[in-house]
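Read-outs: derived from the displayed coordinates by stated rules, not from any lab. Computed from a prediction, not measured in an experiment: that's the story for all the values here. Cβ atoms come from the backbone with ideal geometry, glycine included; neighbour counts cover every protein chain shown.
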Amino acid sequence: MVFELSLVGDAPEIVGALIALLRTSRPILRSEDDPRIRLLSHIRASGRRGASQASTARKLGMSDAGLSRLCDELEHSTMIQRIPHPHDRRIKMLHLTPEGEDQVRACAGACETHIADFVRTLTSEEQALLSRLVARATDVPVRTSTCAGCRVGGC
């Protein structure tokens with residue numbers, strides 16, 4: 001798919017092109033859509049102390065029952081361990097096993113490979129432009145409010 005985009009053009013045209021680009025690039029980042037990878041990545045980001053099962057469900061927007069089933073699956077496949085909290089045995093802490101660490105690394109590596117393959121198809125001028133645009137986009141402040149009429153709170 002080719003995107004005709006005038007940098008001087010209409011803001012709605014640019015926004016539309018960016019949305020189309022993001023939609024077509026989703027296969028590159030599809031591992032982020034997998035709740036197992038999201039959970040493993042969240043546990044990994046929690047570090048050595050692990051992540052509590054209840055707070056993880058809230059953070060990932062999952063029901064407690066849904067997260068529990070997912071943890072059952074990952075524990076059965078030896079990706080995670082559920083360990084009672086040292087001071088409150090009612091709380092289960094989630095920790096990655098070495099197999100879970102390997103899986104997170106493999107998924108991150110595959111995603112980086114897909115992106116690198118795409119970037120190699122760009123000319124040096126396109127790569128420089130992309131680099132500048134990404135740098136500018138990451139400098140845009142994150143919105144903390146939702147749009148008017150939002151019913152889910154995620155826009």
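Enumerate the amide H contacts of Thr97 below 5 Å, restricted to partners 5 or more residues apart or on another chain; note that Pro and chain-start residues carry no placed amide H.
For Thr97, the qualifying residues are Ile80, Gln81.
Order the peptides 133-139, 114-120, 92-98 from the highest to the lowest mean number of other Cβ atoms within 10 Å of their residues.
Put in order of decreasing packing, that is 92-98, 114-120, 133-139.
Answer rounded, prolate or oblate for the stretch 92-143, using the Cα gyration tensor with square roots of eigenvalues a ≥ b ≥ c: rounded when a/c is under 1.5, else prolate when a/b is larger than b/c, else oblate. The partial results should precede the final answer.
Numbers: a/c = 6.15, a/b = 1.67, b/c = 3.68.
Oblate, since a/c reaches 1.5 and b/c is not below a/b.
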